[in-house]
Amino acid sequence: MPDVRVKPGSDLTGFTRSEYDINGVKTVVQSIGSGPVLVFLHGTGTFTGFEVARAWAAHHTVLIPFHPGFGDPGDSDAIDTVEDHVLHYMDLFDRLGLENFDLAGFSLGGWLAAEFAIRQPQRLRRLVLVAPAGLVVDAAPAPGLFDIAPQDLPAYLAHDPLAALRYFPQAPDPSFDARLGREVTGFAKLIRNHPQGNPKLAHWLHRITIPTLVLWGANDRLRPTAIFNSCRRPDTWYSRKRRPPAATSPISSPTRPAGSLFLSRAEDKIMIDMPPGITTANEGFGNIVWNILGQTYTLKQQSDASMAWHAVFPSGTFVPPHVHPTQDEFVYVLSGRYDLWLDGKDFTATAGDLVRMPKGLPHGIFNKSGETATSLFWVAPTRSLKELFERIHNLPDPAAVVRIAAEHEVNFLPPPA
């Protein structure tokens, strides 16, 4: 019989795999990072992997347990309802000695996280629910699990179908089909009596008394936004619709670290997560240096609120006109000269000048001086710019840089006619 356990779709280098016997059920937990504990409960399909956890790991010890019958563990005849899964996680968290921890869940995992928080809110510090399944709104039914034609599935999994297709094999792969089929069948078993979810879940949400963040794709086709509106509360719940593109389905993973800023708050005030100290002249923060299309960026500081880097622009290098829709950007010129295009006008900045580029303002940065120019850049807030630089480090293809940048809230403008 073939091994149909799901092998995560991303590299798990740096993760630690632990295996536990929880009441006779083989339970696997992947962990990474250090700091306060954040438990993430995954969605139905684990084939997309857990790359997003690497960003969380900068500030948390991230624990990712696989649901019984999903991912790495074996199946369990004793666990075939949502209630069984919740009780299983109570036992697991008891074994791990977890108290006062953060809990996040996506899709099916969001459903399980909500059900857990209803029963044991005193064990949790904060809760993040990303497009959670389980909530039933009669006026906005979710599409049936087996009502979507296979060729239409990518358009349901993400606003941009290509974002979903990259997780699927390009050629027939019976092993992949078997692994995914096992998980989809497992989810179908959980909703066999109530295909839309738990009809009583909304009635008990009042028991979740901890600060809770709800994230939802604005154009989610699998979980209509009417469900999102039904779970908004004015007291301890925070709600946010995520604009497309976003993967928001029971068989995919959130595309960005969900709620990292929210989880860094205490008493609803943002905690400074930047360690005190000095980044010396010749070092990078965390020893991080990026090569971005011939320019050298040395990270100097990073927190949720802001990020700064030292930039070396050889003569003839440039950053084409682009827009940061969610960030203010600044350049303090240390040496040399920069020619700038700001909102349709040309400017020149030299040593000692500070360039201000508010969010939403088109701008381009060029070194046409014939000499190397250096500067200190910073943005506020950081958003996902660090992840962008990590992805385009040493990437030689400008077209690929432009495409990837659009996934991280940096939109390059078309070249002039």
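Some notes on this structure:
- Listing of strands (runs of 3 or more DSSP E) fully contained in region 6-102 that carry 2 or more residues being under 17 Å from the mean Cα position of the chain (by Cα) and touching a residue at least 60 places away in the same chain (Cβ under 8 Å): 37-41
- Test: residue in region 339-353 that is in contact (Cβ under 8 Å) with a residue 24 or more places away in the chain, of a type in the set (Phe, Trp, Tyr) and in contact with a Leu (Cβ under 9 Å, 6 or more places away or on another chain): no
- Ile292 hydrophobic (A, V, I, L, M, F, W, C), surrounded by fewer than 17 Cβ atoms within 10 Å (Cβ to Cβ) and not assigned by TED's automatic domain parsing to the domain that holds His59: no
- Extreme residue, modelled with the highest pLDDT, among residues of region 19-49 that are of a type in the set (Phe, Trp, Tyr) and surrounded by fewer than 22 Cβ atoms within 10 Å (Cβ to Cβ): Tyr20
- Yes/no for Val130 being surrounded by 20 or more Cβ atoms within 10 Å (Cβ to Cβ) and touching a residue at least 24 places away in the same chain (Cβ under 8 Å): yes
- Within region 160-180, restricting attention to residues that are within 27 Å of the chain's Cα centre (by Cα) and of a type in the set (Asp, Glu), the residue that is surrounded by the fewest Cβ atoms within 10 Å (Cβ to Cβ) is Asp177.
- Boolean, Pro199 is of a type outside the set (Gly, Ala, Ser), more than 30 Å from His60 (Cα to Cα) and in contact with a helix residue (DSSP H, G or I) (Cβ under 6 Å, 6 or more places away or on another chain): no
- One residue stands out in region 166-215 among those that are closer than 27 Å to Pro121 by Cα and hydroxyl-bearing (Ser, Thr, Tyr): the one that is modelled with the lowest pLDDT, namely Thr209.
- For region 68-83, the tally of residues that are within 12 Å of Phe187 (Cα to Cα) and surrounded by fewer than 16 Cβ atoms within 10 Å (Cβ to Cβ) stands at 1.
- Residue within region 189-205 that is within 27 Å of the chain's Cα centre (by Cα), loosely packed, with under 14 Cβ neighbours inside 10 Å and not polar (S, T, N, Q) present: no
- Condition check for Glu99: modelled with pLDDT of 90 or more, among the acidic types (Asp, Glu) and in contact with an Asp or Glu (Cβ under 8 Å, 6 or more places away or on another chain): no
- Residue match in region 216-230 (condition: modelled with pLDDT of 85 or more, buried (at least 20 other Cβ atoms within 10 Å of the Cβ) and among the β-branched types (Val, Ile, Thr)): no
- Exactly one residue among Val333, Val355, Val402, Val410 is under 29 Å from Asn282 (Cα atoms), of a type in the set (A, V, I, L, M, F, W, C) and either in contact with a helix residue (DSSP H, G or I) (Cβ under 9 Å, 6 or more places away or on another chain) or at pLDDT below 95 (or both), and that residue is Val410.
- Segments classed as strands (runs of 3 or more DSSP E), wholly inside region 325-417, with at least 3 members that are under 16 Å from Ile292 (Cβ atoms): 363-366, 373-380
- Filter result for Ala58 (surrounded by 21 or more Cβ atoms within 10 Å (Cβ to Cβ) and within 21 Å of Gly33 (Cα to Cα)): no
- Selected residue [assigned by TED's automatic domain parsing to the domain that holds Leu41 and closer than 16 Å to Leu205 by Cα] from Leu153, Leu92, Leu135: Leu135
- Of all the criteria given as (1) more than 18 Å from Lys189 (Cβ to Cβ); (2) in contact with a Phe, Trp or Tyr (Cβ under 6 Å, 6 or more places away or on another chain); (3) of a type in the set (A, V, I, L, M), the one not satisfied by Ala117 is (2).
The values are calculated or read from the model by the stated rules, or taken from the named source; none is laboratory data. Computed from a prediction, not measured in an experiment: that's the story for all the values here. Because the Cβ atoms are built from the backbone with ideal geometry, glycine has one as well, and the counts that use them run over all protein chains shown.
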